[in-house]
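Below: one structure, written as structure tokens.
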């Protein structure tokens, strides 16, 4: 299990964070995702065997936001 | 209470935040239900009915919530002071959210309240259900995931201290969120960043105005020498901020048994007359009759004399005092948004 932080951009509302966390957690291999609007960051814990950074950023981008792994 | 302003705030802010999350949930609910059907064709009608059901129950749920919040506010009636503080907090919060939407400074990011995750999960699990009633149930459950502005509206509802007013506030705001939902439909969940960004600018304009009106109301109630009204009076151009069409009369004060008596009709958003002249040192009796419906004018205040009187529809209540010195004594409604003036000569 690894923990990674992603910097998020284009967050327009507090509810956006819920959406992102919710979608990420539906991915197989993601243990949890926690987005902080204040810090514009998403902390995510996942199993690198099942999911990778590319897949994670893909989900975030599909929702309409952009992200950079920290 | 400027309901138009609340409606417009819902129209813009609601479009921004509510649609993103709620649109997504509703889309999920419709999709889950559609899977039950054998047909692959995506009829528009299949989206319309669930959306209407969703919006109807959402409106009903928020109206009831508003009523509960307003009643709660009046109950704890906390003191009048606490109510005023809540109105101030609601106003400040709205301005802060507007500052964040305009990206004025990163520090404003911290005022954006995120709904608790466990509540969102509860609502989301409902949206995954395939039951026919899901969209309707979902609509009502959205009260558990309020966004920042909705919370500011809820604070405003509590601060009205009145169940009916609270219900009006929440119902009007929710009504504002409806047109865009219907117009753009569930596709709102796929709106891009550009749309949201543009919307944010418009929304923040309304938030600033609504927030400023709340704060100004507090200033009026506290009898502050500086308010929008006094600033407008000081300007050389004529600006009417009393909330009505400016029909003021100074007639109507009669002397009965040594008391200056005047009758004032109190309407939901105005007073008639809204300007009276009385002599200093002589007792005054104002007969106030509330007609035409409830509004925040159901409370009558003369801040500088610390007078607060509750008015009931169709009943005449009287306020008595003796003005000591020459000057002006403004009067206002419970939230400080509609006023009149007593000129003491």
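The values are calculated or read from the model by the stated rules, or taken from the named source; none is laboratory data. Treat the numbers as computed from the prediction; the structure is a model and nothing was measured. Neighbour counts run over all protein chains shown; Cβ positions are idealised from the backbone, glycine included.
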- [ ] Could you please give the count of residues in the range B:185-207 that are surrounded by 18 or more Cβ atoms within 10 Å (Cβ to Cβ), modelled with pLDDT of 80 or more and away from chain A (no Cβ under 13 Å)?
- [x] 1
- [ ] Please work out which one of (1) part of a helix (DSSP H, G or I); (2) within 27 Å of residue B:200 (Cα to Cα); (3) within 21 Å of the chain's Cα centre (by Cα) is the condition residue B:108 fails and give its number.
- [x] (3)
Task: Residues within the range A:7-26 that are over 10 Å from the mean Cα position of the chain (by Cα) and free of Cβ contacts under 8 Å to residues at least 40 places away in the same chain, tallied - done: 6
Open item on the list: Consider the range B:288-326. How many of its residues are exposed (fewer than 14 other Cβ atoms within 10 Å of the Cβ) and either within 27 Å of residue B:211 (Cβ to Cβ) or touching a helix residue (DSSP H, G or I) at 6+ places or on another chain (Cβ under 9 Å) (or both)?
Closed with: 5
TODO: Please list, ordered by first then second residue, the pairs with beta carbon atoms under 6 Å, 6 or more apart or interchain, first in the range A:41-70 and free of Cβ contacts under 8 Å to residues at least 40 places away in the same chain and more than 13 Å from every other protein chain (Cβ to nearest Cβ), second part of a loop (DSSP other than H, G, I, E, B) and surrounded by 14 or more Cβ atoms within 10 Å (Cβ to Cβ).
DONE: A:50/A:29; A:51/A:27; A:51/A:29
TODO: Scan the range B:293-335 for residues that are in a loop (DSSP other than H, G, I, E, B) and out of contact with any strand residue (DSSP E or B) (no Cβ under 8 Å at 6 or more places or on another chain) and jot them down.
DONE: B:295, B:306, B:324, B:335
- [ ] Test residue A:35 against the criterion of being under 26 Å from residue B:128 (Cβ atoms), in contact (Cβ under 8 Å) with a residue 12 or more places away in the chain, in a helix (DSSP H, G or I) and in contact with a strand residue (DSSP E or B) (Cβ under 7 Å, 6 or more places away or on another chain), and give yes or no.
- [x] no
TODO: Go through the range A:27-47 and give me each residue that's over 10 Å from the mean Cα position of the chain (by Cα) and at pLDDT 85 or above.
DONE: A:27, A:28, A:29, A:31, A:36, A:40, A:46, A:47
Open item on the list: Can you tell me how many residues within the range B:111-133 are outside any helix (DSSP H, G or I) and either modelled with pLDDT under 75 or over 26 Å from residue B:53 (Cβ atoms) (or both)?
Closed with: 10
Task: Total residues in the range B:124-154, condition surrounded by 21 or more Cβ atoms within 10 Å (Cβ to Cβ), closer than 18 Å to residue B:10 by Cβ and away from chain A (no Cβ under 14 Å) - done: 3
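Residue-wise test of (1) at pLDDT 75 or above; (2) under 28 Å from residue B:21 (Cα atoms); (3) in a helix (DSSP H, G or I).
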residue: B:209; (1), (2), (3): yes, yes, yes
residue: B:223; (1), (2), (3): yes, no, no
residue: B:237; (1), (2), (3): no, no, no
residue: B:245; (1), (2), (3): no, no, no
residue: B:249; (1), (2), (3): no, no, no
residue: B:263; (1), (2), (3): yes, no, no
residue: B:277; (1), (2), (3): yes, no, no
residue: B:280; (1), (2), (3): yes, no, no
residue: B:285; (1), (2), (3): yes, no, no
